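Worksheet: one structure, shown below.
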Amino acid sequence: MISKFSNLKIVSNPIVNQSLCTMRAKDTDTQGVRLAARKLTRILLYEATKHLPQTEIEIETPLTKFITQTINPDINIIISPILRAGLIFTDEAVDILPQATIRHIGMYRDEKTLKPVWYYNKVPMPVDKPEDYYIYITDPMLATGNSLIEAIRLYVDKGIPETNICCVCMISSPQGIENVFNEFPLVTIIVAAVDSHLNERGYIVPGMGDAGDRIYNT
Ligand code: URA
């Protein structure tokens, strides 16, 4: 069923798989989970940024001047980590995209309803040329998709095209992917794994447990 979504990119290679194994294993300590998650972040972001618009620029090396390509400096790149687990992407993301703005989104999951509850929103900015905005929403676990849908809506409501919005996740459930695409069919989702299912408590199985707890040692 998952293969029907053309905007879903499942990134898989030996480093991704090794990092996932480390993160998932219940005996990996917090430091190990963090290191593996950072490694995975880099690989996912390289994939996610492949379609950023580029422009020509003249560069002078110690040997000569030449014309080459670089990311268009006139676009606005936003990284939006969904607190708290989504923060794990941020340090790597700002190293890779130093020009990006970081706009945090604070939501926690009501354990009974599995619906997101807002507690922080750093996306109040005015947007004059929405087509020049490129958004990366980060959350390691795409479970029900409810938080991601709320986060995407923040940007779509500002007129930013769905095609400029990319959700960068590590482990996902088939239901979560389906829910997000049902609501916003033109966004891109980048993941390292699509797992079997969600359990009755909304946890991804096999998953890695509570990503926030595993990353922040709580
Ligand atoms: N959030 C998590 O941290 N883990 C899950 O399995 C689902 C949601």
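A few remarks follow.
- Separation of segment 144-218 from segment 6-74 is 19 Å, based on Cα centroids.
- Cβ-placed point charges (K, R +1; D, E -1), dipole of the chain about Cα centre in debye, nearest 20: 440 debye
- Within segment 25-101, the trypsin sites (Lys or Arg not before Pro) that combine a DSSP coil assignment with at most 16 other C-beta atoms in a 10 angstrom radius are K26, K50.
- For segment 142-206, carbon and sulfur atoms together expose 48% of the accessible surface, with a 1.4 angstrom probe and every protein chain in place.
- 25 Å Cα cut-off, lysine pairs counted over the chain (separation 8 or more, or different chains): 11
- Computed over segment 129-200, the quotient of the alpha carbon radius of gyration and 2.2 N^0.38 Å is 1.07.
- GluC sites (Glu not before Pro) restricted to DSSP loop in segment 59-166 with at most 14 other C-beta within 10 Å: E111
- Residue-normalised accessible area of the chain, given per residue in Å² at a 1.4 Å probe: 50 Å²
- Summing Lys and Arg as +1 and Asp and Glu as -1 over all other residues whose Cβ lies under 13 Å from the Cβ of L44 gives a net charge of +2.
- Other residues lying with their Cβ under 14 Å from the Cβ of I71 contribute a combined charge of -2, Lys and Arg counting +1, Asp and Glu -1.
- Using the rule -39500 (n - 2.57) for each DSSP H run of four or more residues, divided by the residues of the chain, the 222 nm mean residue ellipticity is -9000 deg cm²/dmol.
- Compactness relative to 2.2 N^0.38 Å, alpha carbon Rg of the chain: 1.04
- Per-residue accessible area (protein heavy atoms, 1.4 Å probe) orders Y120, Y134 as Y120, Y134, starting from the largest.
- Accessible-area composition of segment 13-62, carbon plus sulfur, in percent [1.4 Å probe]: 51 percent
The values are calculated or read from the model by the stated rules, or taken from the named source; none is laboratory data. All values derive from a computational prediction rather than experimental measurement. All Cβ positions, even for glycine, are placed from backbone atoms using ideal geometry, and neighbour counts span all protein chains on display. Accessible surface is based on the protein model in full, side chains and every heavy atom, while ligands, DNA and RNA are left aside. Shrake-Rupley method; radii C 1.70, N 1.55, O 1.52, S 1.80 Å.
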